[in-house]
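Visitor: Pasting a structure here, questions to come.
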Amino acid sequence: MCGIVGAIAARDVVPVLVEGLKRLEYRGYDSAGVAVLAGDEIRRVRRVGRVAEMEGAAAEENLHGLLGIGHTRWATHGGVTEPNAHPHVSFDKIAVVHNGIIENHEEQRQRLKGLGYAFESQTDTEVIAHLVHHYYQAGGSLFDAVKQATRELTGAYAIGVIALDRPDELVCARMGCPLLVGLGDGENFIASDVSAILSATRRVIFLEEGDIGLLTRDGVKLIDKDDQPAARPVHLSDVSLASLELGPYSHFMQKEIHEQPKALSDTIEAVQDAGFNAALFGEAAAEILPQLEGVKILACGTSYYAGLTAKYWIESIAGIACDVEIASEYRYRAAFANPKHLVVTISQSGETLDTMEALKYARELGHAYALSICNVRESAIPRASDLVFYTRAGAEIGVASTKAFTTQLVGLFALAVTLGKVRGKVSAADEAQYLDDLRHLPGSVQHALNLEPQIKAWSERFAVKDNALFLGRGLHYPIALEGALKLKEISYIHAEAYPAGELKHGPLALVDEDMPVVVIAPNDALLEKVKSNMQEVRARGGELFVFADADSHFHESDGVHVIRTPRHVGVLSPIVHTIPVQMLAYHVALSRGTDVDKPRNLAKSVTVE
Ligand code: G6P
């Protein structure tokens, strides 16, 4: 993972780098560092911990410069230590920041050691610094040295490079990890994502795989993977600065939970504009969708749970087979591929390596078509797909995904209905009903948000527990999974989820008076079954915390706590019932005093295996 930023300007770039790194902290927050060209030396400040620590140290050390690079790290090769923090340098002449993983780093390390290079860190990145140095000191330009060095690297990288005797050049290269160039007025930038440089410019160029760039204050030169000059389009980013600020909220997760009515409305608007028509998924969809014989969903984490929910919709509404698989598992098994099964990848970030690799693997196996459900425009996974549905959740910064998940569900629901229409399974009346359901969804979600005080009251009881169980059935089973994931991610309470009917086949053995059991129990076809499962828990002393709508007719009793969720909204009920489990995790984490937005050991964008 990791985030990188770089700047070349006629003003001090340290504040730009620091602000950029703060925006990129979602990509990793084990350590941070910057290197700038200051007079006749490359000065470097690195600190273990958050960017704020490094910022304080940079101020103390009076760090300034007109050219610099910065990095925020999620440790892969080597522990969380200052020597492993980027930027890495070679003979104090070359400094490099890197996002990605160099697969042949061991081989390069041995070779470079043979050439007399000493290593100060355990990182794979240090080989890049030495390799660039090796070619640079042989003569030629920094740009050519980076070109030679990167052509010898295998793996994934987005890098920024500066050299001591090149005060007017910032060189960058990209392969497999996101990198963009920001175009300013007499100043230019590089960054892992646009949020990092938004205060300076909105004009950006997304680098393609294998591109290498040379930035000066007045211009940018790019070559492609075949060494040919590359002309890439300039985009005007529409990401708003306000969307990157906390505003009145205490945490981004809290903000993003509360933004869901708006995020959903914005995403639903796209569906309403196009109707449940193939065009919603791109120009080629009208030709592709009628040919399909099945759907194969690949994703990780929360996005995988969105996929599990979609399976219920796709099979019941469209009457077509759908299977869902964790991307990191799929990519390493000899899977059966029907070319006519549409591969659907779901990814908030659009750059999760496991999902990307699973997509490539599916293509190799013969899948003819791929659709991406994604929240980040121009990111790698949608660009590698034939069809795309962009969710309109806006920037999601909290590591634990919230509004991205519920908007993914809208996209997947639209896919199910559209496929159903194409296959003649959805009548005009059904379609009108589904559109109406979507229209009412933001209101129901707002209603669910109003449950916050009651959920907060529950959270105190959870905060003292070591374990929790989540139960759901049918469409609400994936929401139970998502509730358990949210709780473990940000509160560090061990939580598991089961389809309620599976309880008696094992997990019931865990239930005693110390085990809180959260049940998602709206009034649907499986309600009576869920009620029986709940009796099984109560009979063993387990304490029940039930989210149920008024129609479910649950009443508080000894050991049974009930929060009334909004009126059951048909097939979209899983989206509404996601809100309370998100809020529960949030408030339990607050009670336990954990770092809600940056939970330990995790990062939002996972570009490593
Ligand atoms: C990480 C994040 C999760 C996310 C998962 C998949 O693990 O912490 O919140 O669900 O990656 O990410 P994606 O960007 O592909 O949805």
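The values are calculated or read from the model by the stated rules, or taken from the named source; none is laboratory data. Keep in mind that what you see is a predicted model, and the values were worked out from it rather than measured. All Cβ positions, even for glycine, are placed from backbone atoms using ideal geometry, and neighbour counts span all protein chains on display. Note: accessible area is taken over every heavy atom of the protein model, side chains too, but ligands, DNA and RNA are not part of it. Shrake-Rupley method; radii C 1.70, N 1.55, O 1.52, S 1.80 Å.
Visitor: With each pseudo-label sitting 7 Å past Cα toward Cβ, what's the Phe91-Gln446 distance in nm, one decimal?
Guide: 6.6 nm
Visitor: Could you compute Rg(Cα) / (2.2 N^0.38 Å) for the range 158-224, with N its residue count?
Guide: 1.02
Visitor: Rounded to the nearest 20 Debye, what is the dipole magnitude of the chain about its Cα centre when Lys and Arg each give +1 and Asp and Glu each give -1 at the C-beta?
Guide: 440 debye
Visitor: Could you state the number of Å between the C-alpha centres of the range 119-155 and the range 351-407?
Guide: Value for the Cα centre distance between the two parts: 32 Å.
Visitor: Follow-up. Out of every Cα-Cα pair in the range 21-115, what percent are more than 18 Å apart?
Guide: The proportion of pairs with Cα distances above 18 Å equals 46 percent.
Visitor: Largest first and to the nearest Å, give the Cα extent of the chain along each principal axis.
Guide: 78, 54, 43
Visitor: A follow-up question, please. What FRET efficiency comes out for the pair Gln228/Gln291, r = Cβ-Cβ distance, R0 = 41 Å, nearest 0.05? Walk me through the numbers before you get to the answer.
Guide: On the way: r = 36 Å, r/R0 = 0.88.
That pair, Gln228 with Gln291, gives E of 0.70.
Visitor: Tell me which of Leu215, Ile128, Ile317 sits at the most positive position along the dipole axis of the chain, charges placed on C-beta atoms (Lys, Arg +1; Asp, Glu -1).
Guide: Ile317
Visitor: At a Förster distance of 30 Å, what's the computed FRET efficiency of Ala10 paired with Glu208, Cβ-Cβ distance as r, to 0.05?
Guide: According to the calculation, E is roughly 0.55.
Visitor: What's the Cα-based Rg to Rh of the range 481-577, Rh via Kirkwood?
Guide: My calculation puts Rg/Rh at 0.94.
Visitor: What ³J(HN,Hα) values, in whole Hz, does the Karplus curve 6.51 cos²θ - 1.76 cosθ + 1.60 give for the range 38-48 when θ = phi - 60°, with x put for Gly and Pro?
Guide: Coupling constants for the range 38-48: 10, x, 9, 8, 8, 9, 10, 10, 9, 9, 6 Hz.
Visitor: I'd like the antiparallel share, as a percent to the nearest 5, of DSSP beta bridges with both residues in the chain. Mind showing how you got there, number by number?
Guide: Values: 59 of 101 bridges.
DSSP beta bridges in the chain are roughly 60 percent antiparallel.
Visitor: What share of Cα pairs, in percent, lie more than 18 angstrom apart in the range 62-148? Walk me through the numbers before you get to the answer.
Guide: Numbers: 1601 of 3741 pairs.
The answer is 43 percent, as a whole percent.
Visitor: Cα axis of helix 105-114 to longest principal axis of the chain: angle in degrees, 0 to 90, nearest 10?
Guide: Relative to the chain, helix 105-114 is tipped by roughly 20 degrees.
Visitor: Using a 1.4 Å probe and ignoring any ligands, DNA or RNA, find the accessible area of Phe91 and quote it in Å² to the nearest 10.
Guide: Surface accessible to solvent at Phe91 totals approximately 120 Å².
Visitor: Quick one: what are the phi-derived ³J(HN,Hα) couplings along the range 263-278, Karplus 6.51/-1.76/1.60 with θ = phi - 60°, whole Hz, x for glycine and proline?
Guide: 4, 5, 4, 4, 6, 5, 4, 4, 5, 5, 4, 8, x, 7, 10, 3
Visitor: Sticking with this one: Give the residue from Leu292, Tyr390, Val606 lying farthest towards the positive end of the charge dipole for the chain; charges sit on Cβ (+1 for Lys and Arg, -1 for Asp and Glu) and the dipole is referred to the Cα centre.
Guide: About the Cα centre, the residue reaching furthest to the positive side is Leu292.
Visitor: Another question, then. Enumerate the amide H contacts of Arg473 below 5 Å, restricted to partners 5 or more residues apart or on another chain; note that Pro and chain-start residues carry no placed amide H.
Guide: Excluding prolines and chain starts, which carry no amide H, the hits are Ala500.
Visitor: What residues of the range 391-417 lie in the reach of a label at Ser240, counting those whose backbone N is under 13 Å from a point 7 Å from the Cα along Cα→Cβ?
Guide: Output list for this probe position: 393-395.
Visitor: So, taking all protein chains as they sit and a 1.4 Å probe, how much accessible area belongs to Ser379, in Å² rounded to tens?
Guide: Rounded to the nearest 10, the figure is 10 Å².
Visitor: Next up: How far apart, in nm, are the 7 Å Cα→Cβ label points at Lys340 and Glu152?
Guide: 5.1 nm
Visitor: Let me ask something else about it. Using the basic label-point model (7 angstrom from Cα toward the beta carbon), what is the Arg461 to Asp323 distance in nanometres?
Guide: About 4.1 nm, to one decimal.
Visitor: Would you kindly derive the ³J(HN,Hα) couplings of the range 410-426 from the backbone phi angles with the Karplus curve 6.51 cos²θ - 1.76 cosθ + 1.60 (θ = phi - 60°), listing them in order in whole Hz, with x for Gly and Pro?
Guide: My calculation for the range 410-426 gives 4, x, 6, 5, 4, 5, 4, 5, 4, 4, x, 5, 4, 8, x, 9, 10 Hz in order.
Visitor: Is there a quick way to get the dipole size of the range 37-178? I mean about its Cα centre, with the Cβ of Lys and Arg at +1 and of Asp and Glu at -1; what is the value in debye to the nearest 20?
Guide: For the range 37-178, the charge dipole is close to 280 debye.
Visitor: Under the rule of at least 5 residues apart or a separate chain, name every residue whose amide H is placed under 5 Å from the amide H of Ala230.
Guide: So Ala230 has HN proximity to Leu222, Ile223, Asp224.
Visitor: On each of the three principal axes of the Cα atoms of the range 303-449, give max minus min coordinate, whole Å, ordered largest first.
Guide: 43, 40, 23
Visitor: Could I ask something else about it? For Ile297, what residues show an amide H to amide H distance below 5 Å, using hydrogens built from the backbone and excluding near sequence neighbours?
Guide: Answer set, sorted by chain and number: Asp323, Val324, Glu325, Val344.
Visitor: Give the average over all directions of the projected area of the C-alpha convex hull of the range 373-451, one decimal, in nm².
Guide: 6.7 nm²
Visitor: In degrees, nearest 10, range 0 to 90: what is the angle between the Cα axis of helix 126-137 and the longest Cα principal axis of the chain?
Guide: Orientation of helix 126-137: about 30 degrees from the principal axis.
Visitor: Can you give the net charge of the other residues whose Cβ lies under 12 Å from the Cβ of Ser459, counting K and R as +1 and D and E as -1?
Guide: Once positives and negatives cancel, what remains is +2.
Visitor: Considering the options Gln433, Ala306, Thr355, tell which one lies farthest towards the positive end of the dipole of the chain, charges being +1 on Lys and Arg and -1 on Asp and Glu at the Cβ, about the Cα centre.
Guide: Of the candidates, Gln433 comes out farthest on the positive side.
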